[in-house]
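The values are calculated or read from the model by the stated rules, or taken from the named source; none is laboratory data. As the structure is a prediction and not an experimental result, all values here were calculated from the model. No Cβ is skipped: glycine too gets one built from the backbone with ideal geometry, and neighbour counts run over all protein chains shown.
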Amino acid sequence: MHAQRWARECAVTSARLSAEGTLMRKVLLAAMALLFLAGCGAAPPVALADTTQLPRFLDGAAPRVRDAYRFAVANPDMLAHIPCYCGCGNMGHTSNLSCYVQSTAGDGTIAYDEHANGCGICVDITQDVMRMSAAGQPLWEIRSYVDAQYSPFGPSTDTPLPPQP
């Protein structure tokens, strides 16, 4: 008699644990699906130019420097509204874009500036722009952040403000 009761209790407990396990698996799967879907709705990554467009002087450069050049080439209108605070205005630079690109010909040929390849402030500013742009922040907010963050480092380039909404 005790053996039958014990067997019944074991069967009931086993069924309950199985049901709880199934419920836990369902909850876990639902949570994973929500995380996946949330990731799908994230801001798109920033546009970067193809590495084949980079000049030879960047062949041995750090990835963050190469990515900054790629970003400058792919997003010139954005960086044209971002100042640089490394003191490069004395070199004739007018924005953070000037630290990477001297000019772009009508046929799309780019004359690169080597300055940012050796200047951490230029690259740091561009990396911040990349990060904030990927997060969906508008250009005027990015500009405000760069001004506040980097103005202690030195005089800025004479860069036009971006349009505000």
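Please specify each residue of the stretch 90-102 satisfying the condition of being crowded, with 21+ Cβ neighbours inside 10 Å and either among the polar types (S, T, N, Q) or not assigned by TED's automatic domain parsing to the domain that holds ILE142 (or both). Lay out the reasoning, then the answer.
Going residue by residue through the stretch 90-102, those that are crowded, with 21+ Cβ neighbours inside 10 Å are 93, 95-100.
SER95, ASN96, SER98 - these are the residues of the stretch 90-102 that are crowded, with 21+ Cβ neighbours inside 10 Å and either among the polar types (S, T, N, Q) or not assigned by TED's automatic domain parsing to the domain that holds ILE142 (or both).
Is the stretch 78-89 home to any residue that is surrounded by 14 or more Cβ atoms within 10 Å (Cβ to Cβ), under 17 Å from PRO160 (Cα atoms) and free of Cβ contacts under 8 Å to residues at least 60 places away in the same chain?
yes
So ALA105 ticks every box in (1) free of Cβ contacts under 8 Å to residues at least 24 places away in the same chain; (2) surrounded by 22 or more Cβ atoms within 10 Å (Cβ to Cβ); (3) not hydroxyl-bearing (Ser, Thr, Tyr) but one. Which box is left unticked?
(2)
Could you tell me whether the stretch 145-162 includes any residue that is touching a Leu at 6+ places or on another chain (Cβ under 9 Å) and surrounded by fewer than 20 Cβ atoms within 10 Å (Cβ to Cβ)?
Among the residues of the stretch 145-162, at least one is touching a Leu at 6+ places or on another chain (Cβ under 9 Å) and surrounded by fewer than 20 Cβ atoms within 10 Å (Cβ to Cβ), which makes the answer yes.
Working only within the stretch 121-139, note down all residues that are free of Cβ contacts under 8 Å to residues at least 60 places away in the same chain, surrounded by 14 or more Cβ atoms within 10 Å (Cβ to Cβ) and not acidic (Asp, Glu).
The initial filter retains those residues of the stretch 121-139 that are free of Cβ contacts under 8 Å to residues at least 60 places away in the same chain, namely 121-126, 128-129, 131-132, 137-138.
Narrowing the set further to residues that are surrounded by 14 or more Cβ atoms within 10 Å (Cβ to Cβ) leaves 121-126, 128-129, 132, 137-138.
Across the stretch 121-139, the qualifying residues are ILE121, CYS122, VAL123, ILE125, THR126, VAL129, MET132, GLN137, PRO138.
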